[in-house]
Amino acid sequence: MSLADDREALRQAPVGVFDSGVGGLTVAREIMRQIPNEKIIYFGDTARVPYGSKSKETITRYARQIVRFLQEQRVKAIVAACNTASAYALDEIEGEIDIPIIGVVKPGARVAAESTKNGRVGVIGTEGTIGSRIYSTYIKEINPEIQVMGKACPLFVPLVEEGLWQDPVTDEIAKRYLGGLIDSEIDTLILGCTHYPLIRSTLGRIIGEGVTLVNPAYETARELKELLEREQLLNEKKQELGMNCYRFYVSDMAEKFQSFANSILKYGILSARKIDIEHY
Ligand code: DGL
């Protein structure tokens, strides 16, 4: 094979996307929308979810195993779609592999820093993401004057997974969680967890019209496109769209994953395969 053939084969390779479970499908969905020619291999760590309440050490070990699995699938680039994994594991793993890897935190932080007018940004996420102060670190690298207020919202993940996207219970909890951020007069709010875009309308209504919501899933898909273009890895060959371009793997509960995925993706999932991630 010539060098040009090798390069084309690489462009045709899939992008690996991983998350602690179903939430990262919000990122996969954005990638499908924004760069529809790309094939995707998605891994959801449904046996070990949630990541948001676990330590940095544990999450880094999990992420390393998943990256090994995705590399075995010959992906050309990896997206850590999970905020907690991006916060805890990305810096270390970036230096250990020879393909590009991006997370969801940096793109979200960059857009929030650009969007705030009054220099007051709120971030909501898991205990792990908020405790790591990672969004604040990245935002302050861009502009040290910006004040960043974080709030862990652990109940949102189970509420979303229970399908209570528009429900008085979710409204009530959102009012309690967001009260402090409303008092802090933020003008920008980062939805710093994979699940939160699914309750975006509730969050937007409660935080108020004047606050810009930043969805890192959207920004990450944009950044992935730029990265693939820069590295000459963008697949320009039009694919036959559909599920044969997307493969899904999980570490447990494949059927439950499938039914959630079917509720948020445009394409019906044909199958999600269970693998033994501890083996990697
Ligand atoms: N995917 C996780 C995140 O974005 C939320 C779910 C979990 O705690 O594992 O941080």
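General remarks:
- Of all residues in segment 1-59, those satisfying the criterion of being touching an Asp or Glu at 6+ places or on another chain (Cβ under 6 Å) and either assigned to a helix (DSSP H, G or I) or among the small types (G, A, S) (or both) are S20, G44, A47, G52, S53.
Conditions tested, residue by residue: (1) aliphatic (A, V, I, L, M); (2) within 28 Å of D5 (Cβ to Cβ); (3) surrounded by 21 or more Cβ atoms within 10 Å (Cβ to Cβ).
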| residue | (1), (2), (3) |
| --- | --- |
| E185 | no, no, no |
| T194 | no, no, yes |
| A217 | yes, no, yes |
| L224 | yes, yes, yes |
| E231 | no, yes, no |
| K237 | no, yes, no |
| S259 | no, no, no |
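- Residues of segment 155-170 satisfying the condition of being surrounded by fewer than 17 Cβ atoms within 10 Å (Cβ to Cβ) and either touching a helix residue (DSSP H, G or I) at 6+ places or on another chain (Cβ under 6 Å) or under 23 Å from G24 (Cα atoms) (or both): L155, P158, E162, G163, W165, Q166, D167
- Remark: pairs (first residue in segment 22-45, on the phi < 0 side of the Ramachandran plot; second residue acidic (D, E) and not in a strand (DSSP E or B); Cβ separation under 9 Å; 6+ apart in sequence or on different chains) = V22/E161; G23/E161; E30/E219; I31/E38; M32/E38; N37/E236; D45/D252.
- Selection of first residues in segment 136-148 that are more than 20 Å from G180 (Cβ to Cβ) and of second residues that are of a type in the set (G, A, S), restricted to Cβ pairs under 7 Å at least 6 apart or on distinct chains, gives the following pairs, ordered by first then second residue: Y138/A109; I142/A113; N143/A113; E145/G119.
- Filtering segment 1-29 to residues that are of a type in the set (D, E, K, R) and more than 23 Å from A89 (Cβ to Cβ) leaves D5, D6, R7, E8, R11.
Throughout, read-outs are computed from the coordinates displayed, never taken from laboratory work. These figures come from a predicted structure and were not determined experimentally. Using ideal geometry, Cβ is built from the backbone for each residue, glycine included, and neighbour counts are taken over all protein chains shown.
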